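The values are calculated or read from the model by the stated rules, or taken from the named source; none is laboratory data. Model, not experiment: these values are computed from the prediction. No Cβ is skipped: glycine too gets one built from the backbone with ideal geometry, and neighbour counts run over all protein chains shown. Side chains are part of the model used for accessible areas, which takes the heavy atoms of the whole protein and leaves out ligands, DNA and RNA. Shrake-Rupley method; radii C 1.70, N 1.55, O 1.52, S 1.80 Å.
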Amino acid sequence: MTADLNIFRQVDDAKVKQFDQLSNFEIAAIFKQLAKNNLRHQPVVNGGRGNPNWIETTGRLAYSRLLEIGVEEAESTFQHDAGMAGDVKKAGLYQRVMTALNDGARRDVFLRRVIEAAVNHLQIADRDAFMYELIDGALGDHYPYPPRCLKFTEQILAQYLQKNCFKDQNLVDDVDIFPTEGGTAAMVYIFQELHSAHILYPGDTVVVNSSIFTPYLQIPVLSEYDFNVKTVTTKRSNNWQMTDEQFEELKDPKVKAFFAVNPTNPTARAITPENLQKFKEVLKANPNLIIITDDVYGTFSPDYQSIFAVAPHNTILVYSFSKLYGATGERLGLICMHKKNVCDRLIYENLLNSHLNELDEQRYSIVATDPHKMKFIDRMVADSRAIGLYHTAGLSAPQQIMMDMFSLSNLREPEGDAYVDRSRQIVTDRYNEFWNTLGLQADQTAENTRYYTLVDIYRLMCERHDQAFADYYKQHYNYLDFTYRLAVEFGTVIMDATAFGAEKGNVRVSLANLTIQDYHRIAQDMLDLVDEYYEQYQQR
Ligand SMILES: *Cc1c(COP(=O)(O)O)cnc(C)c1O
């Protein structure tokens with residue numbers, strides 16, 4: 001075995017180097033290919049994927065039921081054998097649908113219960129209008145109107161954010177929401193608009209909390225934005241939290257925007273409650289700071305609260321249903337802003353003070369009678385369709401109704417909480433198996449989402465053998481050597497975390513996508529590989 005591996009090693013240095021320039025997603029794709037013909041003929045396990053291997057079922061079944069009832073309603077208007085029906089009639093719709101939801105099956109019980117609860121809780125006077133939004137929306141018979149967000153959907157989403165992101169800060173009545181094609185589209189719209197609305201100029205300083213989801217490192221440096229991007233990189237030694245010095249950096253008024261994924265990907269930590277409070281100090285010193293936060297992993301950390309809750313007027317919140325609900329294919333995300341926010345104030349001040357006034361009057365005059373009062377969030381909607389197609393902007397109505405179903409399933413108690421608890425437990429069990437197998441102390445702080453985990457392979461080498469070996473490895477091997485050999489020899493794919501902005505030697509394992517047994521195997525393969533390196537080190 002050892003002889004074989006030595007032959008193998010003579011070629012791989014050059015091979016590994018060629019990957020240096022590629023993004024870590026590309027590298028993972030190549031390593032996955034290589035893993036198929038691994039030397040040990042093991043089945044491939046891919047611990048690189050962030051897509052969860054579970055789905056939420058109740059919301060999905062409920063959606064299908066709305067669609068089914070919608071078709072029956074449409075057919076009661078008129079019906080043709082060619083597979084054609086009329087449009088849904090609003091008058092009396094609430095009662096008709098509630099009557100149709102008459103069987104004891106899970107989805108009917110669920111729908112009756114959450115629709116009634118929504119009517120009561122949101123004090124919906126026009127029940128037919130609410131039911132029409134759900135049924136017509138599920139059918140996708142009309143352009144979504146208003147384009148930014150369907151009326152009742154916005155209220156439901158606000159309740160969802162209140163429960164999962166705002167927590168003890170009551171903001172439910174103070175927010176505007178723009179549903180988008182996933183969280184990634186939301187980020188694109190935000191940066192585009194910060195640029196178009198002249199809130200951020202080329203050369204402006206944008207601080208990115210790193211390590212971060214790689215595509216997010218790439219957006220702000222695009223040539224059309226040309227921001228001066230700085231990173232504040234968190235360290236394992238500080239439980240991946242920002243230091244006081246890093247908070248100080250944000251107080252410099254030259255810093256125009258701060259960009260964070262919270263809880264993070266790949267380090268999988270939420271900002272602690274104490275550190276959250278520090279944003280208030282930052283804003284006292286730098287009141288125009290715009291904070292952009294991606295809260296997709298929020299529900300995976302038990303004590304989590306969004307930056308939005310402590311800095312609502314300065315924060316643009318992005319949420320995605322992709323991970324918790326196993327719904328990456330649905331493309332369900334949103335942007336949330338406080339009704340009184342720094343972006344609108346800056347637009348107004350800029351326009352009062354400069355020639356941009358006239359330009360922007362023209363830019364939005366085709367869609368707004370009072371363009372300079374057009375809110376940042378509405379500008380995002382208009383600009384997402386090059387303004388001219390504003391009336392056809394917005395997320396598809398069926399997607400919005402699917403979001404309603406996920407949100408309503410979450411807002412039910414205790415079932416919604418049980419689902420969230422279960423999703424946390426799944427990744428926790430895998431996490432514990434993985435770290436126990438490695439024989440290293442796992443982190444058990446409340447901030448840890450356990451959705452991903454970063455392993456410092458130098459630390460692993462040191463703890464399993466000794467520091468001299470770890471140092472030797474660090475000096476003599478390309479940083480991609482470990483993940484490369486894990487793929488080609490063992491058929492085990494994990495991601496190098498350097499491209500996420502992490503320190504060299506860190507690898508990311510996603511706990512979202514495989515079985516407990518697979519995580520045991522990944523850890524065991526990592527140990528075996530470490531031992532192989534150690535053998536080579538001793539024979540050098
Ligand atoms: C997976 C992930 C998302 C989800 O993006 P969608 O476009 O909603 O699928 C968003 N942000 C981060 C940091 C992620 O890791």
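Descriptive notes on the structure:
- Of the criteria (1) within 15 Å of the ligand (Cβ to nearest atom); (2) out of contact with any Gly (no Cβ under 8 Å at 6 or more places or on another chain); (3) touching a residue at least 40 places away in the same chain (Cβ under 8 Å); (4) within 30 Å of ALA499 (Cβ to Cβ), which one CYS165 fails: (2)
- If you go through region 28-57 and keep only what is open to solvent by 20 Å² or more (accessible area, probe 1.4 Å) and touching a Lys or Arg at 6+ places or on another chain (Cβ under 7 Å), you end up with VAL44, ASN46.
- Among the residues of region 377-384, not a single one is assigned to a loop (DSSP other than H, G, I, E, B) and over 21 Å from LEU150 (Cβ atoms).
Okay, residues lined up against (1) without any contact (Cβ under 8 Å) to a residue 40 or more places away in the chain; (2) outside the structural domain of ILE307 (by TED's automatic domain parsing); (3) out of contact with any Leu (no Cβ under 9 Å at 6 or more places or on another chain):
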| site | (1), (2), (3) |
| --- | --- |
| LEU200 | no, no, no |
| GLY203 | yes, no, yes |
| TYR216 | no, no, yes |
| ILE219 | yes, no, yes |
| LYS230 | yes, no, yes |
| THR234 | yes, no, yes |
| LYS251 | yes, no, no |
| VAL255 | no, no, no |
| THR264 | no, no, yes |
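- Scan region 56-106 for residues that are part of a helix (DSSP H, G or I) and either at pLDDT 95 or above or hydrophobic (A, V, I, L, M, F, W, C) (or both) and the total you get is 28.
- Scan of region 264-285 for residues that are at positive phi and more than 13 Å from the ligand (Cβ to nearest atom), ordered by number: none
- Of the criteria (1) touching a residue at least 40 places away in the same chain (Cβ under 8 Å); (2) at positive phi, which one PRO147 fails: (2)
- Qualifying residue in region 18-25 (condition: within 16 Å of the ligand (Cβ to nearest atom), at pLDDT 90 or above and open to solvent by 70 Å² or more (accessible area, probe 1.4 Å)): no
- Residues of region 144-197 that turn out to be part of a helix (DSSP H, G or I), open to solvent by less than 10 Å² (accessible area, probe 1.4 Å) and not assigned by TED's automatic domain parsing to the domain that holds PHE227, as a count: 8
- Residue selected from region 168-192 under the condition free of Cβ contacts under 8 Å to residues at least 40 places away in the same chain and in contact with a helix residue (DSSP H, G or I) (Cβ under 6 Å, 6 or more places away or on another chain), by the criterion farthest from PHE376 (Cα to Cα): VAL172
- The conditions of being of a type outside the set (Ser, Thr, Tyr) and either within 25 Å of GLY326 (Cβ to Cβ) or touching a Pro at 6+ places or on another chain (Cβ under 9 Å) (or both) are met by GLY491.
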